[in-house]
Amino acid sequence: MKTSEKFALNEWLSDYPEDLEYYDILEMMSQDDWSVDGITVWEVVENFTLDQVSDFIENTRMHFERVTEEMTHA
């Protein structure tokens, strides 16, 4: 798993199956609105659907990659 993917997952989830790939975890989250065995969202986003949290995760990953790429090229 890329650093940006792990960072994004850890920003929004307190627990997830670490033996799965990033996109497999997001796929699991898209299967149900509120809960999936093995995936726990942080309390601050517990009132959002898993699909919404999945969007937060993906946006965080993309932002992380943009910021670190800019820092690398600066």
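Shown is the FRET efficiency for Asp24 and Thr3, computed with R0 = 25 Å from the Cβ-Cβ distance and rounded to the nearest 0.05: 0.90.
Placing pseudo-labels 7 Å out from each Cα toward the beta carbon at Asp33 and Phe48 gives an inter-label distance of 1.7 nm. Loop-located trypsin sites (Lys or Arg not before Pro) in the chain (DSSP state other than H, G, I, E, B) with a sparse environment of at most 16 neighbouring Cβ atoms within 10 Å: Lys2. If a/c stays under 1.5 just call it rounded; otherwise compare a/b with b/c (prolate if a/b is bigger, oblate if not). Do that for the chain, with a ≥ b ≥ c from the square roots of the Cα gyration tensor eigenvalues. Prolate, because a/c is 1.5 or more and a/b exceeds b/c.
Measuring nothing but how far apart in sequence close Cα pairs (under 8 Å, 6+ apart) lie, relative to its length, the chain scores a relative contact order of 38 percent. Taking chymotrypsin sites (Phe, Trp or Tyr not before Pro) across the chain, the ones in a DSSP loop with at most 16 further Cβ atoms lying within 10 angstrom of their Cβ are Trp34, Trp42, Phe48.
Just so you know, all these numbers are worked out from the coordinates, no wet-lab data involved. Just so you know, these numbers come straight off a predicted model, no measurement behind them. Cβ: placed from backbone, ideal geometry, glycine included. Neighbour counts: every protein chain shown.
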